[in-house]
Each structure stands twice: as C-alpha cells, then as structure tokens.
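Okay, structure first, notes after.
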Amino acid sequence: MEKNIIYWSLFHQGPWKMYLAATVEGLCYVGSNHKDMEELVNWVQKKLPHHLLEQNDKKLKPFVDEFTEYFDGKRTSFSFPTDFHGTPFQQSVWNALNNIPFGNTHTYSEVADILQKPKAVRAVAAAIGANPILITVPCHRVIGKNGKLTGFRGGLEMKEKLLAIEKHHIIP
C-alpha cells in the first residue's frame, strides 16, 4: 500500500519555508515559499486523489539535504529522482526546463522553440505554470520576452529571490 502514499516534510532554512512531498518514485511536489499545508493538500486532491499524505521527515531527508545545499550555494542541480504528474505535453515542457543552465534564463518563446512548437507559447506558459516541482524543475528561470518577471506559482517575489540566489552563487 506504500505505493499510494505521498510523504511530506516541511523544509525550513533561513527565510525559506516550503513543503516538499515525494512518492516512492521521487520528489513530486515543492510548495510555494511560506504557503500553508493547504496548498499541498489541494494539489494532492486534484492530481492524486487516491493517495494519502503522511509526514515522514526521514524519507524526505535526501531531498531536504539537497535543497539545503542549493540554498547554501553549494549545489546547482538536483540528483534525486522526480515523479511528475501531468499530461505528456506538460512533462515535455518540464523536461525542457531542466536544460536551462543554472544562473541563466529563457523566455517562454525560447522554450516553445526548443520544443519545436513556436506557435504554442501560451500552451507552454500554461504548462510551466502547472509545474508542481518548483526550484528542482527550474520554471523560475523562464521570463517574459521583454525581460520582465512574469507568472510563478510561488509569486514573483519568490521568483526574484531564486534568480538572485543563482546570479550571486554561480559555482564554477
């Protein structure tokens, strides 16, 4: 029955406080900074309604450790497995986001071009907005064509802070 359990833990380091959740397959959800448990509960009810949530700090420790390293400026990518829950198109977009290098940004149009779907910018933007695994799948690295920060589930302040972390902690 472990297959229908989503384990969660609250990651808290300095100004960062977010819920992390994983299945036995890998990390499946990263919450917005300083949002309450309700954000995670709503996502599970919508995407994985037959799963139960169970707090388990021990099972989430490998994920928490890598997030700690990221926020400490000691990690530019994540090595743990992820467990995406979205449409095939959404998953193709999320996989493309993983190719945006640490400390860099792409526009929504550039992501659409990478996917060879230049006319699907709105669909790409919607898929990016539906990304359940913030930071790990770096949707914060996608900006508007004019260079402005646009839409982010965690809010524009969180997006701005993540981009600043990456700009100032580029690891050679």
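The values are calculated or read from the model by the stated rules, or taken from the named source; none is laboratory data. These numbers were taken from a predicted model, which means no experiment stands behind them. Note that each Cβ is placed from the backbone with ideal geometry, even for glycine, and that neighbours are counted across all protein chains shown. When the accessible area is computed, the model is the full protein with side chains, heavy atoms only, and any ligands, DNA or RNA have been set aside. Shrake-Rupley method; radii C 1.70, N 1.55, O 1.52, S 1.80 Å.
Observations, loosely collected:
- Test result for V30, touching a helix residue (DSSP H, G or I) at 6+ places or on another chain (Cβ under 9 Å), open to solvent by 30 Å² or more (accessible area, probe 1.4 Å) and either acidic (D, E) or at pLDDT 95 or above (or both): no
- Every pair of residues 6+ apart whose Cβ atoms lie under 8 Å, when the first sits in the range 94-105 and is closer than 19 Å to F71 by Cα while the second is assigned to a helix (DSSP H, G or I) and open to solvent by 70 Å² or more (accessible area, probe 1.4 Å): G103/K167
- Test: R122 is on the phi < 0 side of the Ramachandran plot, of a type in the set (K, R) and touching a helix residue (DSSP H, G or I) at 6+ places or on another chain (Cβ under 7 Å): no
Condition check ((1) free of Cβ contacts under 8 Å to residues at least 60 places away in the same chain; (2) within 12 Å of L20 (Cα to Cα); (3) touching a strand residue (DSSP E or B) at 6+ places or on another chain (Cβ under 7 Å); (4) open to solvent by 70 Å² or more (accessible area, probe 1.4 Å)) across all residues:
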{"site": "L52", "(1), (2), (3), (4)": "yes, no, yes, yes"}
{"site": "K59", "(1), (2), (3), (4)": "yes, yes, yes, yes"}
{"site": "K74", "(1), (2), (3), (4)": "no, no, no, yes"}
{"site": "F80", "(1), (2), (3), (4)": "yes, no, yes, no"}
{"site": "H85", "(1), (2), (3), (4)": "yes, no, yes, no"}
{"site": "P88", "(1), (2), (3), (4)": "yes, no, no, yes"}
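- In the range 129-157, the residues that are open to solvent by less than 10 Å² (accessible area, probe 1.4 Å) and outside any loop (DSSP other than H, G, I, E, B): I133, C139, H140, V142
- The one condition in (1) more than 22 Å from H85 (Cβ to Cβ); (2) in contact with a Leu (Cβ under 6 Å, 6 or more places away or on another chain) that G147 fails to fulfil: (2)
- The single condition among (1) over 22 Å from I128 (Cβ atoms); (2) open to solvent by less than 40 Å² (accessible area, probe 1.4 Å); (3) aliphatic (A, V, I, L, M); (4) free of Cβ contacts under 8 Å to residues at least 40 places away in the same chain that I6 does not satisfy is (4).
- Being aromatic (F, W, Y) and free of Cβ contacts under 8 Å to residues at least 60 places away in the same chain is a property that does not hold for F67.
- Residue in the range 32-42 that is without any contact (Cβ under 8 Å) to a residue 60 or more places away in the chain, within 16 Å of D83 (Cβ to Cβ) and out of contact with any Leu (no Cβ under 6 Å at 6 or more places or on another chain) present: yes
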